[in-house]
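The values are calculated or read from the model by the stated rules, or taken from the named source; none is laboratory data. Everything numeric here is computed off the predicted structure, so don't read it as measured data. All Cβ positions, glycine included, derive from the backbone under ideal geometry; neighbour counts span all protein chains shown. The protein model used for the area step is the full one, side chains on, heavy atoms only, and it has no ligands, DNA or RNA in it. Shrake-Rupley method; radii C 1.70, N 1.55, O 1.52, S 1.80 Å.
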Amino acid sequence: QVQLVESGGGLVQPGGSLRLSCAASGNIFSLYRMGWYRQAPGKQRELVATITTGDSTNYVDSVKGRFTISRDNAKNTVYLQMNSLKPEDTAVYYCNFQGTLHGYWGQGTQVTVSS
């Protein structure tokens, strides 16, 4: 059974940094993409960043130049380094591991950017 465990969320001041981690346990058939999504109160879940097994990355425009997605194959872990955080980045962040047959989600971690 696949489980994704997220960590690294918290409260940070505007301009600060956080690093999110998401570790997967279990076997994901034909894994091809990992990603981070976020959902703010009253809004739909949106894609933040993705990385393929070929290391191709994609970011939503609002985080380009501030966030970096990376992965560690040996640890089956995906990371999201978030710099220059803004209040509008406040949301619950979810990781996703996508295989050809199934997609898996983490439980979510709260990121709050506030002074």
*What is the mean projected area of the alpha carbon convex hull for the range 74-114, to one decimal in square nanometres?*
4.0
*Run the 1.4 Å probe and let me know the accessible area of V113, rounded to the nearest 10 Å².*
10
*Against the rule of thumb 2.2 N^0.38 Å, how large the Cα Rg of the chain comes out*: 1.01
*Say R0 is 22 Å: what FRET efficiency, to the nearest 0.05, do T53 and Q81 get from their beta-carbon distance?*
0.70
*If you roll a 1.4 Å probe over the heavy atoms of the protein chains, what accessible area per residue do you get for the chain, in Å²?*
53
*Label-point separation, S30 to S114 (7 Å along Cα→Cβ), nm*: 4.5
*For L101 and S70, compute 0.36 nm times the residue count separating them, minus their Cα-Cα distance, and round to one decimal in nm.*
8.9 nm
